[in-house]
Amino acid sequence: MLKKTSLALGGAALFLAWNGLLLLFLWSRPGGLPRPQNPQNPDGSRLLPAQLLQLAQDAEAELRLQRDLLLQIQKFSRLQHQKTPKPPQIATTAEAELPVIPVLVLACDRSSVRRCLDKILRYRPSARRFPVIVSQDCGHAETARVIASYGQAVAHIRQPDLSDIPVPPEHRKFQGYYRISRHYRWALGQVFRTFRYRAAIVVEDDLEVAPDFFEYFQAVFPLLQRDPSLWCISAWNDNGKEAMVDAGHAELLYRTDFFPGLGWLLLAELWDELEPKWPPAFWDDWMRQPEQRRGRSCVRPEVSRTMTFGRKGVSHGQFFDQYLKFIKLNDRFVPFTQLDLSYLKKEEYERFFLQQVYSAPEVKIEELQKDAGRDSGAVRLQYRGRDSFKALAKALGLMDDLKSGVPRAGYRGIVSFVCRGRRVFLAPPSDWTGYDPSWS
(Lines give C-alpha, C1' and ligand atoms only; values in the text may rest on other atoms or scores of the structure.)
Protein backbone atom coordinates (compact mmCIF):
# COMPACT_ATOMS: atom_id res chain seq x y z
CA MET A 1 0.00 0.00 0.00
CA LEU A 2 2.84 2.42 0.79
CA LYS A 3 4.45 1.57 -2.53
CA LYS A 4 1.22 2.30 -4.42
CA THR A 5 0.75 5.60 -2.57
CA SER A 6 4.30 6.72 -3.41
CA LEU A 7 3.75 5.88 -7.08
CA ALA A 8 0.49 7.87 -7.12
CA LEU A 9 2.06 10.93 -5.54
CA GLY A 10 5.06 10.72 -7.81
CA GLY A 11 2.80 10.47 -10.84
CA ALA A 12 0.82 13.53 -9.78
CA ALA A 13 3.99 15.57 -9.28
CA LEU A 14 5.33 14.44 -12.65
CA PHE A 15 2.02 15.42 -14.24
CA LEU A 16 2.25 18.94 -12.81
CA ALA A 17 5.87 19.32 -13.93
CA TRP A 18 4.99 18.11 -17.42
CA ASN A 19 2.17 20.67 -17.72
CA GLY A 20 4.51 23.45 -16.61
CA LEU A 21 7.14 22.48 -19.17
CA LEU A 22 4.51 22.20 -21.88
CA LEU A 23 3.23 25.69 -21.12
CA LEU A 24 6.74 27.09 -21.18
CA PHE A 25 7.46 25.34 -24.46
CA LEU A 26 4.30 26.65 -26.15
CA TRP A 27 5.00 30.12 -24.88
CA SER A 28 8.53 30.20 -26.22
CA ARG A 29 8.35 28.35 -29.54
CA PRO A 30 8.27 30.45 -32.84
CA GLY A 31 4.86 30.70 -34.43
CA GLY A 32 3.32 29.14 -31.40
CA LEU A 33 1.41 31.28 -28.95
CA PRO A 34 0.95 34.93 -29.99
CA ARG A 35 3.79 37.11 -28.75
CA PRO A 36 3.70 40.79 -27.77
CA GLN A 37 4.82 43.23 -30.49
CA ASN A 38 8.49 44.13 -30.34
CA PRO A 39 9.04 47.72 -31.52
CA GLN A 40 12.33 46.55 -32.97
CA ASN A 41 10.62 43.78 -34.92
CA PRO A 42 7.53 45.18 -36.62
CA ASP A 43 6.97 41.89 -38.50
CA GLY A 44 6.60 39.90 -35.30
CA SER A 45 3.26 38.43 -34.14
CA ARG A 46 0.93 40.66 -32.15
CA LEU A 47 -0.79 39.55 -28.81
CA LEU A 48 -4.06 41.17 -27.97
CA PRO A 49 -4.55 42.03 -24.22
CA ALA A 50 -7.71 39.85 -24.07
CA GLN A 51 -5.82 36.83 -25.45
CA LEU A 52 -3.03 37.31 -22.91
CA LEU A 53 -5.52 37.54 -20.04
CA GLN A 54 -7.36 34.40 -21.23
CA LEU A 55 -4.08 32.48 -21.43
CA ALA A 56 -3.16 33.44 -17.87
CA GLN A 57 -6.61 32.43 -16.56
CA ASP A 58 -6.49 29.07 -18.35
CA ALA A 59 -3.03 28.36 -16.96
CA GLU A 60 -4.14 29.29 -13.41
CA ALA A 61 -7.24 27.11 -13.67
CA GLU A 62 -5.16 24.17 -14.88
CA LEU A 63 -2.69 24.55 -12.03
CA ARG A 64 -5.55 24.78 -9.49
CA LEU A 65 -7.09 21.61 -10.95
CA GLN A 66 -3.78 19.76 -10.68
CA ARG A 67 -3.31 20.97 -7.10
CA ASP A 68 -6.80 19.73 -6.09
CA LEU A 69 -6.09 16.40 -7.76
CA LEU A 70 -2.86 16.06 -5.79
CA LEU A 71 -4.65 16.86 -2.50
CA GLN A 72 -7.32 14.22 -3.25
CA ILE A 73 -4.64 11.64 -3.96
CA GLN A 74 -2.93 12.45 -0.66
CA LYS A 75 -6.21 12.22 1.29
CA PHE A 76 -7.13 8.94 -0.36
CA SER A 77 -3.74 7.44 0.40
CA ARG A 78 -4.06 8.39 4.09
CA LEU A 79 -7.54 6.81 4.34
CA GLN A 80 -6.38 3.65 2.66
CA HIS A 81 -3.44 3.41 5.05
CA GLN A 82 -5.77 3.80 8.05
CA LYS A 83 -8.19 1.16 6.75
CA THR A 84 -5.52 -1.36 5.91
CA PRO A 85 -5.88 -4.13 8.52
CA LYS A 86 -2.88 -4.82 10.65
CA PRO A 87 -1.28 -8.20 10.12
CA PRO A 88 -2.49 -10.79 12.63
CA GLN A 89 -0.45 -11.07 15.80
CA ILE A 90 1.55 -14.24 15.78
CA ALA A 91 2.21 -15.82 19.16
CA THR A 92 5.84 -15.72 20.14
CA THR A 93 7.66 -19.00 20.55
CA ALA A 94 7.66 -18.51 24.33
CA GLU A 95 3.88 -17.98 24.44
CA ALA A 96 3.21 -20.90 22.11
CA GLU A 97 5.03 -23.18 24.56
CA LEU A 98 2.89 -22.13 27.54
CA PRO A 99 0.14 -24.60 28.51
CA VAL A 100 -3.47 -24.13 27.43
CA ILE A 101 -5.69 -24.13 30.54
CA PRO A 102 -9.42 -23.72 29.90
CA VAL A 103 -11.71 -22.00 32.38
CA LEU A 104 -14.78 -24.17 32.98
CA VAL A 105 -17.72 -22.09 34.18
CA LEU A 106 -20.55 -24.15 35.73
CA ALA A 107 -23.86 -22.37 35.09
CA CYS A 108 -27.52 -23.13 35.70
CA ASP A 109 -30.27 -20.54 36.09
CA ARG A 110 -28.41 -17.37 37.06
CA SER A 111 -28.51 -14.75 34.33
CA SER A 112 -26.00 -12.89 36.53
CA VAL A 113 -23.42 -15.23 35.01
CA ARG A 114 -22.65 -12.12 32.94
CA ARG A 115 -20.87 -10.60 35.93
CA CYS A 116 -18.69 -13.68 36.19
CA LEU A 117 -17.91 -13.87 32.46
CA ASP A 118 -17.24 -10.17 32.05
CA LYS A 119 -14.44 -10.26 34.64
CA ILE A 120 -12.94 -13.49 33.31
CA LEU A 121 -12.80 -12.12 29.77
CA ARG A 122 -11.47 -8.76 30.97
CA TYR A 123 -8.61 -10.18 33.00
CA ARG A 124 -7.47 -13.19 31.00
CA PRO A 125 -4.11 -12.42 29.36
CA SER A 126 -4.63 -14.65 26.32
CA ALA A 127 -7.71 -16.11 24.62
CA ARG A 128 -5.56 -18.86 23.12
CA ARG A 129 -4.11 -20.01 26.43
CA PHE A 130 -7.30 -19.57 28.50
CA PRO A 131 -10.34 -20.58 26.43
CA VAL A 132 -13.64 -20.21 28.30
CA ILE A 133 -16.13 -23.08 28.34
CA VAL A 134 -19.53 -22.43 29.89
CA SER A 135 -21.37 -25.63 30.81
CA GLN A 136 -25.04 -25.00 31.45
CA ASP A 137 -27.41 -27.23 33.38
CA CYS A 138 -31.12 -26.56 34.07
CA GLY A 139 -32.06 -25.43 30.55
CA HIS A 140 -32.86 -21.91 31.77
CA ALA A 141 -33.66 -19.85 28.65
CA GLU A 142 -32.67 -16.40 29.92
CA THR A 143 -29.30 -17.67 31.17
CA ALA A 144 -28.75 -19.39 27.81
CA ARG A 145 -29.40 -16.09 26.01
CA VAL A 146 -26.87 -14.30 28.19
CA ILE A 147 -24.23 -16.93 27.46
CA ALA A 148 -25.04 -16.88 23.72
CA SER A 149 -24.59 -13.09 23.66
CA TYR A 150 -20.82 -13.59 24.05
CA GLY A 151 -20.66 -15.28 20.66
CA GLN A 152 -17.35 -16.98 19.93
CA ALA A 153 -15.69 -15.49 23.01
CA VAL A 154 -16.97 -18.51 24.97
CA ALA A 155 -17.87 -22.10 24.13
CA HIS A 156 -21.39 -22.92 25.31
CA ILE A 157 -22.06 -26.57 26.11
CA ARG A 158 -25.26 -27.93 27.63
CA GLN A 159 -25.79 -30.77 30.04
CA PRO A 160 -28.05 -33.13 28.05
CA ASP A 161 -29.63 -34.96 31.01
CA LEU A 162 -32.12 -32.70 32.82
CA SER A 163 -34.20 -35.51 34.29
CA ASP A 164 -35.03 -35.87 37.97
CA ILE A 165 -32.63 -38.00 39.96
CA PRO A 166 -33.96 -40.79 42.20
CA VAL A 167 -32.85 -39.96 45.75
CA PRO A 168 -33.45 -41.54 49.14
CA PRO A 169 -36.64 -40.24 50.79
CA GLU A 170 -34.66 -38.42 53.46
CA HIS A 171 -32.72 -36.56 50.72
CA ARG A 172 -35.66 -35.19 48.75
CA LYS A 173 -34.85 -31.67 49.85
CA PHE A 174 -31.28 -32.19 48.61
CA GLN A 175 -32.24 -32.93 44.99
CA GLY A 176 -30.28 -29.82 43.94
CA TYR A 177 -27.04 -31.23 45.33
CA TYR A 178 -27.53 -34.40 43.28
CA ARG A 179 -28.04 -32.33 40.12
CA ILE A 180 -24.91 -30.30 40.82
CA SER A 181 -22.79 -33.42 41.29
CA ARG A 182 -24.15 -34.91 38.06
CA HIS A 183 -23.40 -31.68 36.21
CA TYR A 184 -19.84 -31.52 37.54
CA ARG A 185 -19.17 -35.06 36.42
CA TRP A 186 -20.51 -34.43 32.92
CA ALA A 187 -18.78 -31.06 32.48
CA LEU A 188 -15.39 -32.24 33.72
CA GLY A 189 -15.77 -35.29 31.49
CA GLN A 190 -16.27 -32.98 28.51
CA VAL A 191 -13.16 -30.96 29.36
CA PHE A 192 -10.87 -33.92 29.95
CA ARG A 193 -12.37 -36.64 27.75
CA THR A 194 -13.99 -34.84 24.80
CA PHE A 195 -11.77 -31.76 24.52
CA ARG A 196 -8.77 -33.61 25.99
CA TYR A 197 -7.26 -30.74 27.97
CA ARG A 198 -4.55 -31.59 30.47
CA ALA A 199 -5.69 -29.15 33.20
CA ALA A 200 -8.65 -26.88 33.93
CA ILE A 201 -9.69 -24.00 36.19
CA VAL A 202 -13.18 -24.56 37.60
CA VAL A 203 -15.43 -21.68 38.66
CA GLU A 204 -19.16 -21.38 39.26
CA ASP A 205 -21.47 -18.77 37.79
CA ASP A 206 -21.68 -16.71 41.00
CA LEU A 207 -17.96 -15.99 41.33
CA GLU A 208 -16.15 -12.77 40.48
CA VAL A 209 -12.42 -13.04 39.84
CA ALA A 210 -9.58 -10.70 40.84
CA PRO A 211 -7.33 -8.82 38.39
CA ASP A 212 -4.43 -11.23 39.04
CA PHE A 213 -6.58 -14.40 39.02
CA PHE A 214 -4.82 -15.78 35.93
CA GLU A 215 -1.38 -14.59 37.02
CA TYR A 216 -1.79 -16.55 40.25
CA PHE A 217 -2.75 -19.80 38.54
CA GLN A 218 -0.04 -19.46 35.90
CA ALA A 219 2.61 -19.09 38.59
CA VAL A 220 1.58 -22.01 40.82
CA PHE A 221 0.66 -24.40 37.98
CA PRO A 222 4.24 -25.72 37.46
CA LEU A 223 4.47 -26.54 41.17
CA LEU A 224 1.23 -28.53 40.98
CA GLN A 225 2.67 -30.50 38.08
CA ARG A 226 5.90 -31.34 39.87
CA ASP A 227 4.84 -31.84 43.51
CA PRO A 228 2.81 -35.03 44.10
CA SER A 229 1.93 -33.82 47.61
CA LEU A 230 -0.35 -31.18 46.01
CA TRP A 231 -3.64 -31.97 44.30
CA CYS A 232 -5.18 -28.55 43.63
CA ILE A 233 -4.66 -24.80 43.52
CA SER A 234 -7.47 -22.72 44.94
CA ALA A 235 -8.19 -18.99 44.62
CA TRP A 236 -10.16 -19.01 47.89
CA ASN A 237 -9.41 -18.33 51.56
CA ASP A 238 -12.28 -19.61 53.74
CA ASN A 239 -11.29 -17.16 56.47
CA GLY A 240 -10.60 -14.33 54.04
CA LYS A 241 -12.77 -11.63 55.61
CA GLU A 242 -11.19 -8.20 55.26
CA ALA A 243 -10.37 -7.81 58.95
CA MET A 244 -8.73 -11.26 59.04
CA VAL A 245 -6.22 -10.95 56.18
CA ASP A 246 -3.09 -8.92 55.58
CA ALA A 247 -4.11 -7.04 52.42
CA GLY A 248 -0.71 -5.32 52.39
CA HIS A 249 0.91 -8.69 51.71
CA ALA A 250 -1.40 -10.06 49.05
CA GLU A 251 1.50 -12.07 47.64
CA LEU A 252 1.42 -14.50 50.60
CA LEU A 253 0.46 -18.08 49.70
CA TYR A 254 -0.09 -21.12 51.92
CA ARG A 255 -0.52 -24.84 51.77
CA THR A 256 -3.82 -26.13 53.17
CA ASP A 257 -5.15 -29.62 53.89
CA PHE A 258 -8.71 -28.35 53.45
CA PHE A 259 -10.14 -28.47 49.92
CA PRO A 260 -11.34 -24.86 49.39
CA GLY A 261 -12.91 -25.03 45.92
CA LEU A 262 -14.50 -21.74 44.73
CA GLY A 263 -12.14 -21.22 41.81
CA TRP A 264 -9.69 -24.12 41.64
CA LEU A 265 -7.27 -25.79 39.26
CA LEU A 266 -6.87 -29.54 38.78
CA LEU A 267 -4.87 -31.75 36.44
CA ALA A 268 -6.30 -34.37 34.10
CA GLU A 269 -4.50 -37.04 36.12
CA LEU A 270 -6.59 -36.16 39.15
CA TRP A 271 -9.77 -36.50 37.13
CA ASP A 272 -8.59 -39.94 35.97
CA GLU A 273 -8.46 -40.83 39.66
CA LEU A 274 -11.73 -39.24 40.77
CA GLU A 275 -14.10 -39.88 37.88
CA PRO A 276 -14.66 -43.64 38.43
CA LYS A 277 -15.81 -43.03 42.00
CA TRP A 278 -17.46 -39.62 41.63
CA PRO A 279 -20.24 -39.25 44.23
CA PRO A 280 -23.95 -38.79 43.44
CA ALA A 281 -24.18 -35.68 45.69
CA PHE A 282 -22.22 -33.35 47.99
CA TRP A 283 -19.13 -33.63 45.79
CA ASP A 284 -17.11 -30.94 47.63
CA ASP A 285 -17.44 -32.55 51.07
CA TRP A 286 -16.66 -35.89 49.44
CA MET A 287 -13.41 -34.35 48.13
CA ARG A 288 -12.50 -33.53 51.74
CA GLN A 289 -12.66 -37.13 52.92
CA PRO A 290 -9.35 -38.88 53.68
CA GLU A 291 -10.01 -41.48 50.97
CA GLN A 292 -9.90 -38.79 48.29
CA ARG A 293 -7.43 -36.34 49.81
CA ARG A 294 -4.89 -39.07 50.58
CA GLY A 295 -2.69 -36.73 52.61
CA ARG A 296 -2.38 -34.19 49.80
CA SER A 297 -2.75 -30.42 50.07
CA CYS A 298 -3.87 -27.44 48.02
CA VAL A 299 -2.31 -24.01 47.64
CA ARG A 300 -4.46 -21.09 48.74
CA PRO A 301 -3.83 -17.31 48.96
CA GLU A 302 -3.79 -14.95 51.93
CA VAL A 303 -6.27 -12.70 50.08
CA SER A 304 -8.90 -14.44 47.96
CA ARG A 305 -8.75 -14.17 44.18
CA THR A 306 -12.47 -14.92 43.94
CA MET A 307 -15.56 -13.68 45.75
CA THR A 308 -19.10 -15.02 45.61
CA PHE A 309 -22.10 -12.80 44.89
CA GLY A 310 -24.61 -15.67 44.79
CA ARG A 311 -26.66 -15.69 47.95
CA LYS A 312 -29.41 -17.62 46.15
CA GLY A 313 -28.62 -21.28 45.58
CA VAL A 314 -29.23 -24.83 46.70
CA SER A 315 -27.63 -24.03 50.08
CA HIS A 316 -30.23 -21.26 50.64
CA GLY A 317 -27.57 -18.76 51.63
CA GLN A 318 -25.89 -20.96 54.25
CA PHE A 319 -22.81 -19.10 55.54
CA PHE A 320 -23.37 -16.25 53.04
CA ASP A 321 -24.67 -13.57 55.40
CA GLN A 322 -22.28 -14.52 58.18
CA TYR A 323 -19.06 -15.14 56.24
CA LEU A 324 -19.07 -15.25 52.46
CA LYS A 325 -20.30 -11.76 51.66
CA PHE A 326 -17.46 -10.32 53.77
CA ILE A 327 -14.66 -12.11 51.90
CA LYS A 328 -12.17 -9.57 50.57
CA LEU A 329 -11.42 -9.82 46.85
CA ASN A 330 -7.85 -8.87 46.05
CA ASP A 331 -7.66 -5.60 44.11
CA ARG A 332 -3.89 -5.24 43.71
CA PHE A 333 -2.11 -7.04 40.89
CA VAL A 334 0.70 -9.26 42.17
CA PRO A 335 3.26 -10.41 39.56
CA PHE A 336 3.34 -14.00 40.85
CA THR A 337 5.14 -15.32 37.77
CA GLN A 338 8.13 -13.16 38.71
CA LEU A 339 8.27 -14.43 42.31
CA ASP A 340 10.14 -17.40 43.72
CA LEU A 341 7.44 -19.79 44.95
CA SER A 342 9.75 -22.67 45.80
CA TYR A 343 8.95 -22.12 49.51
CA LEU A 344 5.62 -23.89 48.85
CA LYS A 345 7.34 -27.23 48.26
CA LYS A 346 6.35 -29.59 51.06
CA GLU A 347 9.69 -30.07 52.82
CA GLU A 348 10.72 -26.43 52.64
CA TYR A 349 7.27 -25.18 53.62
CA GLU A 350 7.00 -27.38 56.68
CA ARG A 351 10.47 -26.41 57.81
CA PHE A 352 9.88 -22.67 57.85
CA PHE A 353 6.12 -22.64 58.56
CA LEU A 354 6.21 -24.95 61.58
CA GLN A 355 9.20 -23.09 62.97
CA GLN A 356 7.33 -19.80 62.55
CA VAL A 357 4.21 -21.16 64.28
CA TYR A 358 5.76 -22.90 67.25
CA SER A 359 8.35 -20.21 67.93
CA ALA A 360 5.54 -17.65 68.30
CA PRO A 361 4.66 -16.95 71.95
CA GLU A 362 1.51 -18.64 73.21
CA VAL A 363 -1.22 -16.32 74.45
CA LYS A 364 -4.70 -16.70 75.87
CA ILE A 365 -7.66 -15.44 73.90
CA GLU A 366 -8.42 -12.87 76.61
CA GLU A 367 -4.97 -11.32 76.09
CA LEU A 368 -5.45 -11.24 72.34
CA GLN A 369 -8.87 -9.63 72.57
CA LYS A 370 -7.67 -6.96 75.03
CA ASP A 371 -4.57 -6.14 73.01
CA ALA A 372 -5.10 -3.12 70.73
CA GLY A 373 -2.31 -4.22 68.42
CA ARG A 374 0.52 -2.34 70.13
CA ASP A 375 2.74 -5.38 69.78
CA SER A 376 2.43 -6.56 66.18
CA GLY A 377 4.46 -9.76 66.52
CA ALA A 378 2.91 -13.12 65.65
CA VAL A 379 1.31 -15.10 68.48
CA ARG A 380 -0.12 -18.59 68.91
CA LEU A 381 -3.42 -19.73 70.38
CA GLN A 382 -3.44 -23.41 71.29
CA TYR A 383 -6.39 -25.79 71.20
CA ARG A 384 -6.42 -29.38 72.47
CA GLY A 385 -9.61 -30.89 71.11
CA ARG A 386 -12.64 -30.44 68.90
CA ASP A 387 -14.65 -28.41 71.39
CA SER A 388 -11.67 -26.24 72.23
CA PHE A 389 -11.08 -25.48 68.55
CA LYS A 390 -14.72 -24.65 67.85
CA ALA A 391 -15.01 -22.35 70.87
CA LEU A 392 -11.89 -20.39 69.93
CA ALA A 393 -12.83 -20.21 66.24
CA LYS A 394 -16.32 -18.94 67.01
CA ALA A 395 -15.02 -16.32 69.45
CA LEU A 396 -12.56 -15.04 66.84
CA GLY A 397 -15.02 -14.97 63.92
CA LEU A 398 -13.42 -17.87 62.05
CA MET A 399 -15.44 -20.54 60.29
CA ASP A 400 -15.68 -23.20 62.99
CA ASP A 401 -16.96 -26.21 61.05
CA LEU A 402 -14.68 -29.19 60.43
CA LYS A 403 -14.80 -31.61 57.49
CA SER A 404 -13.35 -35.05 58.22
CA GLY A 405 -11.63 -33.36 61.16
CA VAL A 406 -9.88 -30.72 59.00
CA PRO A 407 -10.46 -27.03 59.85
CA ARG A 408 -11.07 -24.61 57.00
CA ALA A 409 -7.79 -23.18 55.63
CA GLY A 410 -5.89 -25.43 58.05
CA TYR A 411 -2.49 -27.04 57.47
CA ARG A 412 -1.38 -29.70 59.94
CA GLY A 413 -4.26 -28.44 62.07
CA ILE A 414 -2.96 -24.83 62.03
CA VAL A 415 -5.16 -21.95 60.90
CA SER A 416 -3.33 -18.71 60.09
CA PHE A 417 -5.23 -15.40 60.18
CA VAL A 418 -5.01 -11.76 61.30
CA CYS A 419 -6.65 -10.41 64.45
CA ARG A 420 -6.45 -6.70 65.25
CA GLY A 421 -3.59 -6.28 62.84
CA ARG A 422 -1.59 -9.13 64.36
CA ARG A 423 -0.70 -12.50 62.85
CA VAL A 424 -2.29 -15.31 64.87
CA PHE A 425 -1.84 -19.06 64.57
CA LEU A 426 -4.66 -21.17 65.96
CA ALA A 427 -2.73 -24.38 66.42
CA PRO A 428 -2.76 -27.81 68.05
CA PRO A 429 0.16 -28.86 70.28
CA SER A 430 3.50 -29.32 68.49
CA ASP A 431 3.23 -33.11 68.92
CA TRP A 432 0.16 -33.19 66.63
CA THR A 433 -0.24 -36.65 65.09
CA GLY A 434 -2.94 -36.12 62.48
CA TYR A 435 -6.61 -35.32 61.87
CA ASP A 436 -9.38 -37.14 63.68
CA PRO A 437 -12.36 -37.63 61.29
CA SER A 438 -14.68 -38.06 64.30
CA TRP A 439 -14.30 -34.32 64.97
CA SER A 440 -16.69 -33.56 62.09
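The values are calculated or read from the model by the stated rules, or taken from the named source; none is laboratory data. Computed from a predicted structure; not experimentally measured. Here the Cβ positions follow ideal geometry from the backbone for every residue, glycine too, while neighbour counts run over all protein chains shown. Heads up: the accessible areas ignore ligands, DNA and RNA and are worked out on the full protein's heavy atoms, side chains in. Shrake-Rupley method; radii C 1.70, N 1.55, O 1.52, S 1.80 Å.
The residues listed here are S388, S430; of these, the one that is part of a helix (DSSP H, G or I) and not assigned by the TED database to the domain that holds S297 is S388.
Any residue at all in the stretch 398-418 that's open to solvent by 20 Å² or more (accessible area, probe 1.4 Å) and either among the hydrophobic types (A, V, I, L, M, F, W, C) or in contact with a Cys (Cβ under 8 Å, 6 or more places away or on another chain) (or both)? Among the residues of the stretch 398-418, not one is open to solvent by 20 Å² or more (accessible area, probe 1.4 Å) and either among the hydrophobic types (A, V, I, L, M, F, W, C) or in contact with a Cys (Cβ under 8 Å, 6 or more places away or on another chain) (or both), which makes the answer no. Please work out if A391 is aliphatic (A, V, I, L, M) and either without any contact (Cβ under 8 Å) to a residue 12 or more places away in the chain or open to solvent by less than 20 Å² (accessible area, probe 1.4 Å) (or both). Taking the combined requirement at face value, the residue satisfies it.
The residue list A153, A148 contains one member that is aliphatic (A, V, I, L, M), farther than 18 Å from L188 by Cβ and over 18 Å from the mean Cα position of the chain (by Cα), which is A148. Out of the residues in the stretch 138-194 meeting the condition of being out of contact with any helix residue (DSSP H, G or I) (no Cβ under 9 Å at 6 or more places or on another chain), among the basic types (K, R) and open to solvent by 60 Å² or more (accessible area, probe 1.4 Å), tell me which one is nearest to Y123 (Cα to Cα). Step by step, filter the stretch 138-194, then rank; the result is R145. Any residue at all in the stretch 127-141 that's modelled with pLDDT of 95 or more, farther than 26 Å from D272 by Cα and assigned to a helix (DSSP H, G or I)? Yes, the stretch 127-141 contains a residue that is modelled with pLDDT of 95 or more, farther than 26 Å from D272 by Cα and assigned to a helix (DSSP H, G or I).
The set of residues in the stretch 247-272 being open to solvent by 50 Å² or more (accessible area, probe 1.4 Å) and either under 24 Å from I101 (Cβ atoms) or more than 22 Å from the chain's Cα centre (by Cα) (or both) consists of E251, L252, L262, E269, D272. Comparison of E362, E350 shows that the only residue that is open to solvent by 30 Å² or more (accessible area, probe 1.4 Å), closer than 21 Å to L230 by Cβ and at pLDDT 95 or above is E350. State whether the residues of the stretch 312-319 include one that is assigned to a helix (DSSP H, G or I) and surrounded by fewer than 16 Cβ atoms within 10 Å (Cβ to Cβ). No, that holds for no residue. Can you say whether F352 is in contact (Cβ under 8 Å) with a residue 60 or more places away in the chain and more than 19 Å from R293 (Cβ to Cβ), as far as the supplied structure shows? Answer is no for this residue. Taking the numbered list (1) in contact with a Phe, Trp or Tyr (Cβ under 8 Å, 6 or more places away or on another chain); (2) surrounded by 15 or more Cβ atoms within 10 Å (Cβ to Cβ); (3) not in a strand (DSSP E or B) in turn, L381 passes all entries but (3). Tell me, yes or no, whether the stretch 102-116 has at least one residue that is touching a residue at least 60 places away in the same chain (Cβ under 8 Å), surrounded by 15 or more Cβ atoms within 10 Å (Cβ to Cβ), within 11 Å of the chain's Cα centre (by Cα) and outside any loop (DSSP other than H, G, I, E, B). There is at least one residue in the stretch 102-116 that is touching a residue at least 60 places away in the same chain (Cβ under 8 Å), surrounded by 15 or more Cβ atoms within 10 Å (Cβ to Cβ), within 11 Å of the chain's Cα centre (by Cα) and outside any loop (DSSP other than H, G, I, E, B).
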